[in-house]
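The values are calculated or read from the model by the stated rules, or taken from the named source; none is laboratory data. Just so we're clear, the structure is a prediction, and the values are computed from it rather than from any experiment. Every residue, glycine among them, receives a Cβ derived from its backbone with ideal geometry; neighbour counts consider all protein chains shown. We work out accessible area using only protein heavy atoms, side chains counted, and drop any ligands, DNA or RNA first. Shrake-Rupley method; radii C 1.70, N 1.55, O 1.52, S 1.80 Å.
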Amino acid sequence: MQVIENLKVKEKVYIEKLNNGLTVMIIPKEGIKKKYIIWGTHYGSNDSKFIVPGENEVTEVPKGVAHFLEHKMFEQENGRNSLDVLSSLGVNANAFTTNTHTAYLYEATDNFYEALDEFMDYVQHPYFTDENVEKEKGIIGQEIMMYDDYPEWKVYLNALEAMYHNHPVKLDITGTIETISHIDKDILYKCYNTFYNPSNMCLVVCGDFEPKEILKEIENRLIEKKPEGEIKRIYENEDESIVKPRVESKMEVSIPLFTIGIKCIPPKQKEKVKTHIAIEILLNMIAGESSKLYQDLYKSGVILNMPSFEYEFTDDYAYILVSGASRNPDEFLEKFNQEIENYIKNGINEEDFERTKKMIYGEYVKEYNNVSDIARMFLNDFMKGVNSFDYIEEISTIDIEYAKQVLIDNFTTEKQVFSVVKSN
Amino acid sequence: MKQGIKLHTINTNKFKTNLIAMFLSIPLTRENVTKNALLTSILRRGCQKYKTQEEISKRLEEMYGAEFNCGLDKLGKNHVLKFYVESINDEFLPEMKENMLKQSIEILSEIVFNPLTENNGFNEEYTNQEKENVKQIIEAKKDNKARYALFRCVEEMFKDKPEGLYKYGYVEDLENINAKNLYEYYKELIDSCKIDIFVSGKLENTNIEQLVEQDENIAKLKEREPKFNINKPEEKAPMQQANNVEEKLDVTQGKLVIGYDVEASKQEIENEKFRYIGMLYNAILGGTATSKLFQNVREKASLAYTASSSFSYYTGNIFVNAGIEIENFEKATDIIKDQIEAMKQGDFSDEDIENARKVIISNIEGISDEQDTEIIYFLGQELSGRNVSLKQYAEFVQDVNKNEIEDFAKKININTVYFLRN
């Protein structure tokens, strides 16, 4: 097993790639009662067009299959639902689907190994019937409608639609009521067999474990499978330009919501972590709590809360989102852009830069406070091709020059979109 | 510590952070609820040492991103003003020389107990801006439709009672509050409220009592006979007829909330086990993935994505909620009522009980793995005049049997059906 130790947060990660291709990561946490396990497949809502290893033809499936599969994985041939079985063991089980991956997880204080039997069994044994697939359409339909009532979701999705011409990242993870109506059990099996191969998966555990022991327990529960070749994922060509600079929707909200989206060039492998850190520092300097922008706009009543920042990237897309609520979203946008211009023209203040770096350092340390956050972070970063420890290691190497370059390369107004949701 | 001010320390080496919390508790009343909301907002704007929010933020960023938070909670019949600072433990800082714990207590006590004032009042500008801000927060209560539906159901059930108040107050009450009279109110509050200070983190080799007691702002606080309500549920008169409320808003999905009363006698309520029996009842009804509601409303009838219940011990209620198609209102309410009825008939197995018990015990065991969760648990104990340790808590839950749950089920009576639709 490969061991990586981080002396700053005083944590270790043990990494093993098994013969079947599965990557296992173990982060021991002595003295913590909760144990957390998460098993992810590199298969998300973006992956609806692909070539199955060994085939030549392109397979295209309806939007929303990854999420549908996630719901249906719990159903077992013996008529039981694994979520019920895990729940009866007193463990807290769940699953989720993102644009890039699907993950199954549970958190336990007792009965961890009994739950592990069920957990590893159900993820490895799908059971789909015409009947159980049909039934799920009603439940997922209600989930889709629940999201329709969230203005935060609308403002976010609109921003992505305004940024991307073709890339599926702009679509709802759940699919739509129309697309899911075309899903049947054969489609589910095909996607399962393609994407749930161990070589396309990663399992992370965090808790009071002896690494060798837990690795053995995991290995004992794996069914025999051979690693498969590369899955060719097909995304339509995506131009660097945006679709449209502005998009507005009407919904009942007490105060307008906004999202500024900036479409970026995906960072090169070696620059991923450093770019991410630099963008976090920059966003906090420009619009964070102590920034002039935020303080001025707060005092004039334009915004009432700190906007939230996000930088999302994969190998084939990257974007920045700045979201918040404002009585006058356009004024926020205007001031935000003025401030970026100001930073490019006049440079970055060193004192503010160093102070913000300290703050981000603290943020990274806090991420090691609980087992679920740690395990989820390691899985998420693995899917992006990075190691979570790199953030805390690389931050000291980011200087003003580097940050300035990242600013110039990424904060381009021509690739900026503005999404607003407000009442009639 | 002085009378009425209590220090609670939780020494734990599970975290990278120290969490310091200061809670001010007073009886929840219509008269004060809006003032309290405004007060928490104003205090975070500036204090004597750091006069602006910008100075506070810069100071916190300098402390490796120490995080200040404030909020309000309704705990039974009390309103709790909550203030937190979370900071990195010295052990994980690049420079070890900092005394982050001391610095954190200092900045927190400064914000809460030493506010910026002018002419015997709060800063005018801050007061006016925060009045706008609180107004906005109050108006935003409709933004999250599911949460709004639950709040509205509670409001209908507790008309003109403290339990039914909105924790951020009322827009019409803001009008009469100004920088001067709010400051007068603040001084009164600080002198009379119950103050609980929690410090959680790696505290060995630290004389935490001394650190807190000698803090300049805490040392200035007076002794008090704290005014607060000891939380316990009250006896409920049986409802003659259920109250039906329908409200229209621009929603895609209907949000159904049914509020039930637990019509228990005084003696039953005072039984220490009442709370734990209620928790088990709720877990079986709608608290887990194997629960009756989840199984019947979601899995079998495919009517909902969310279908669950919650037990409110302080008010003595069970709330059932589900997000459903508007036209399925009748169907869903029927299924829900059937589940309540099935519980009354004792139609649940020993296995159901054991499953529910495991989920609850597991949650209890996990409490000390989260700093804030552990603090809030002990605050709840403090405000209900109890001191049940986590170990005892788990033992109480172990001890509940089927008869007790069945008896509890028989006391559940429908109070209000609330439906938010388009």
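Worth pointing out:
- Shape of chain B from the C-alpha gyration tensor: prolate (a/c of 1.5 or more and a/b above b/c, with a ≥ b ≥ c the square roots of its eigenvalues).
- Shielding by other protein chains, A:376-389, mean Cβ within 10 Å: 0
- Exceeding the 32 Å Cα-Cα cut-off - candidates A:K137/B:K82; A:K29/B:K97; B:K337/B:K358; B:K51/B:K194; B:K6/B:K410; B:K77/B:K344: A:K137/B:K82; B:K6/B:K410
- Largest first and in whole Å, the equivalent-ellipsoid semi-axes of the range A:1-139 read 29, 22, 13, each the square root of five times a Cα gyration tensor eigenvalue.
- Under 16 Å from A:K415, Cα to Cα: lysines that are on another chain or at least 8 residues apart: A:K170, A:K244, A:K263
- Looking at the range B:85-126, the accessible area is 39 square angstrom per residue; that uses a 1.4 Å probe and ignores ligands, DNA and RNA.
- Whole-number accessible area per residue in Å² for the range A:264-339, which is evaluated in the context of all protein chains at 1.4 Å: 37 Å²
- Cβ-derived FRET efficiency at R0 60 Å, B:S349 paired with A:D296, nearest 0.05: 0.45
- Between B:D90 and B:D250, the simple spin-label model (points 7 angstrom out along Cα→Cβ) gives 5.6 nm.
- Number of partner chain Cβ atoms within 10 Å, mean per residue of A:73-86: 2
- Interface B:A - total buried accessible surface [probe 1.4 Å, Å², rounded to 100]: 5500 Å²
- The count of lysine pairs in the range B:225-280 whose Cα atoms are under 23 Å apart, excluding pairs fewer than 8 places apart on the same chain, comes to 4.
- Of the GluC sites (Glu not before Pro) in the range A:227-294, those whose Cβ has at most 15 other Cβ within 10 Å and which sit in DSSP loop: A:E230, A:E236, A:E240
- Normalising the average separation of contacting C-alpha pairs (under 8 angstrom, six or more residues apart) by the number of residues puts the relative contact order of chain A at 22 percent.
- Across chain B, the mean sequence separation of Cα contacts (distance under 8 Å, 6 or more residues apart), normalised by length, yields a relative contact order of 22 percent.
- Look at the alpha carbon pairs under 8 Å that are at least 6 residues apart: their mean separation over the length of the range B:243-421 gives a relative contact order of 43 percent.
- The peptide list B:59-67, B:25-33, put in order of mean Cβ contacts within 10 Å with the highest first, becomes B:59-67, B:25-33.
- Electrostatic bookkeeping for A:Q416 treats Lys and Arg as +1 and Asp and Glu as -1; over the other residues with beta carbon under 15 Å from its beta carbon, the sum is -4.
- For the range B:136-232, the carbon plus sulfur part of the accessible surface works out to 46%, probe radius 1.4 Å.
- The aspartates and glutamates within cross-link reach of A:K135, meaning a Cα-to-Cα straight distance under 14 Å and a gap of 8 or more places when in the same chain, are A:E75, A:E143, A:D184, B:E299.
- Most to least packed among A:314-325, B:297-308 [average Cβ atoms within 10 Å]: B:297-308, A:314-325
- The trypsin sites (Lys or Arg not before Pro) of the range B:76-140 that meet both conditions, a loop assignment by DSSP and at most 12 other Cβ atoms within 10 Å of the site Cβ, are B:K97.
- Legend: mean number of C-beta atoms from other chains within 10 angstrom of residue C-beta atoms, peptide A:132-143, equals 4.
- Prolate/oblate/rounded call for the protein assembly as shown, Cα gyration tensor, a/c under 1.5 rounded: rounded
- The peptide list A:346-356, A:110-120, put in order of mean Cβ contacts within 10 Å with the highest first, becomes A:110-120, A:346-356.
- A Gaussian network model of chain A, with springs between Cα atoms under 10 Å, assigns the largest mean-square fluctuation among A:I183, A:I32, A:I392 to A:I32.
- Residue-by-residue Karplus 3J(HN,Hα) for the range A:360-366, coefficients 6.51, -1.76, 1.60, Hz, glycine and proline x: 5, 4, x, 4, 5, 4, 4
- For the range B:212-256, the solvent-accessible area works out to 66 Å² per residue, with a probe of 1.4 Å and every protein chain left in place.
- Accessible-area composition of the range B:243-421, carbon plus sulfur, in percent [1.4 Å probe]: 43 percent
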